[in-house]
Each structure stands twice: as C-alpha cells, then as structure tokens.
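Here is the structure we will look at, set down as structure tokens.
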Amino acid sequence: MLEVFLFVNPIGIKCRKIEQRLLSIIKRSEVKFQLRLVPLINLTTVTNYIDSLEGNQNDLNLRNQLTNIMYQTAIDVKAAQMQGKKCGRDFLLKIQEEIGQKKKDYSEELVLDIFQGTSGDLEMFLEDRQSSFVKEAFLLDQQLAQEMAIQSHPSAVIFNCSGEMEIGVKAQGCEELELLMDQCESTKNLRQLFESHCGQVYQKASNEHLSLL
C-alpha cells in the first residue's frame, strides 16, 4: 500500500488539477493508495499565490486578504474532512473550482452552498468549523509540513507501507509532481521509484514523525 500526503493550496487551481490527476491514477491503479489532502499555508505559499495572480507583493492589504481567505478556507476543508475523506475531498475540489477557477469571492454563503452539495451533515460542519479541535488539526498539518520540509504547494510525500520500514519520497511543485505521477501510472515504475530512492527520502515512525535517511 502507498500512503500519499498531498499538500495543497485550498483555493489553488493548479493544485486542483494535480488532485484530479492523482485521484484518476488511484482509481485505475492495481496498487492500493491511501490519500491525505493537506491544506498548507505559510509565507512562501501566500507569496507564490500572489505571483500566480500577478499581484503586487508589496500590497499588504492584498497579502492579508489572501492569507485570511486561504486560512479560513483551510479551516473549512478540515471541518469537512471531519466527516470523512470523500466529503472533505468533494468540498476541497469544489471550493478550488469556485474561487480558484471561477474567481468567485470567498463568502459564508458560498461555503455553505458548496458544503450542501456534499454528503456531509451541515449542522455538524457549522459546529466543527468554529471548534478549537479543527483549528488544532490545521496546526498539526502545518507542523507535519515543516517536518517534511514542505515549503510550496502542490507538494507530495509518498510512503511505501509494504516493507518493514515505511520509506517516503518527496516531490515539490507541479513539474516534479507530474514526473512523480508519471511513475505512479505503472506498478513497475513504482517499485523502481522506491528501490532507487530517488528524490528526498524519509522514514516514517508510527506517530508520523519523520527522520531523513
């Protein structure tokens, strides 16, 4: 089995395209995948997103606005994920489409409309997105990204969980991820990927803390 940690911009259209391709690969693959979609926000990711919008990096109002939108959307995604992977995935893909692709403004009305299109419980979602538990879950995600030395999105670490040690290979940015997913298309290439230990390699302990090999 392969466990994939995919770090994404919760409103990023490029991340959405990567997610869709990876989900397609997982659906077709003979190998069992376990996918974890992780919303990531830091100074670098906000800066990169401003660049993708061709915005002014010196515009503090724009930076603060985008940071707040990305953070609140990430919290919404974590709240949706509390109701299962499918609910969280469907919500993430749709909100990326509405904000990233269609350029709609983030709003309470938009979030609720999107969530109601999922299989989740709206009352539970409204409660969870205000809870300290969800905010703590978001912070743990950011800590995990730091331990994996993830700075940009989209990025991924794929662990091979079939051996005695869970070995992980990292790819950062769209170009590296496309190459990694090309290898994921073939079971033979996947074996070669971990045998060659190409890229940054990690060993994962049972508590998900990492050490470089």
Among (1) open to solvent by 80 Å² or more (accessible area, probe 1.4 Å); (2) touching a residue at least 60 places away in the same chain (Cβ under 8 Å), the one test that LEU43 misses: (2)
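Residues to consider are ILE158, ILE167; find the one that is within 20 Å of the chain's Cα centre (by Cα), at pLDDT below 90 and under 25 Å from ALA80 (Cα atoms). Don't jump to the end; show me each part of the working.
Numbers: ILE167 fails: under 25 Å from ALA80 (Cα atoms).
Every option except ILE158 fails the conditions.
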Close pairs (8 angstrom Cβ cut-off, 6 or more residues apart or separate chains): within 17 Å of GLN72 (Cβ to Cβ) and in a loop (DSSP other than H, G, I, E, B) in segment 87-108, open to solvent by 30 Å² or more (accessible area, probe 1.4 Å) and among the β-branched types (Val, Ile, Thr) anywhere: TYR106/ILE69
Hits in segment 19-53 - residues which are under 15 Å from the mean Cα position of the chain (by Cα), within 18 Å of MET70 (Cα to Cα) and among the hydrophobic types (A, V, I, L, M, F, W, C): LEU37, VAL38, LEU40, ILE41, VAL46
Which numbered condition LEU35 misses (of (1) open to solvent by 50 Å² or more (accessible area, probe 1.4 Å); (2) modelled with pLDDT of 90 or more; (3) among the hydrophobic types (A, V, I, L, M, F, W, C)): (1)
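Using the structure shown, decide if ILE150 is surrounded by 19 or more Cβ atoms within 10 Å (Cβ to Cβ), modelled with pLDDT of 80 or more, part of a loop (DSSP other than H, G, I, E, B) and not small (Gly, Ala, Ser).
Values: surrounded by 19 or more Cβ atoms within 10 Å (Cβ to Cβ): yes; modelled with pLDDT of 80 or more: yes; part of a loop (DSSP other than H, G, I, E, B): yes; not small (Gly, Ala, Ser): yes.
Here the answer is yes, as ILE150 does meet what is asked.
Quick one: count up the residues across segment 74-90 that are of a type in the set (Val, Ile, Thr) and more than 12 Å from the chain's Cα centre (by Cα). It would help to see each step written out before you state the result.
Kept after step one, since they are of a type in the set (Val, Ile, Thr), are these residues of segment 74-90: 75, 77.
Pick out the ones that are also more than 12 Å from the chain's Cα centre (by Cα) and you get 75.
Going through segment 74-90 one residue at a time, the tally reaches 1.
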Cross-chain or 6+ apart pairs with Cβ under 8 Å, segment 138-157 first and more than 22 Å from LYS17 (Cα to Cα), then in a helix (DSSP H, G or I) and open to solvent by less than 10 Å² (accessible area, probe 1.4 Å): PHE138/ALA74; PHE138/ILE75
Among residues of segment 17-35, those that are assigned to a loop (DSSP other than H, G, I, E, B) and small (Gly, Ala, Ser), counted: 1
Any hit, segment 77-85, residues being assigned to a loop (DSSP other than H, G, I, E, B) and within 18 Å of CYS174 (Cα to Cα): no
Any hit, segment 8-25, residues being open to solvent by less than 10 Å² (accessible area, probe 1.4 Å) and small (Gly, Ala, Ser): yes
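The values are calculated or read from the model by the stated rules, or taken from the named source; none is laboratory data. Being a predicted model, the structure only gives us computed values, none of them experimental. Positions of Cβ are backbone-derived with ideal geometry, glycine not excepted, and every protein chain shown enters the neighbour counts. Each accessible area value is taken on the protein alone, full model and side chains, heavy atoms only, with ligands, DNA and RNA left out. Shrake-Rupley method; radii C 1.70, N 1.55, O 1.52, S 1.80 Å.
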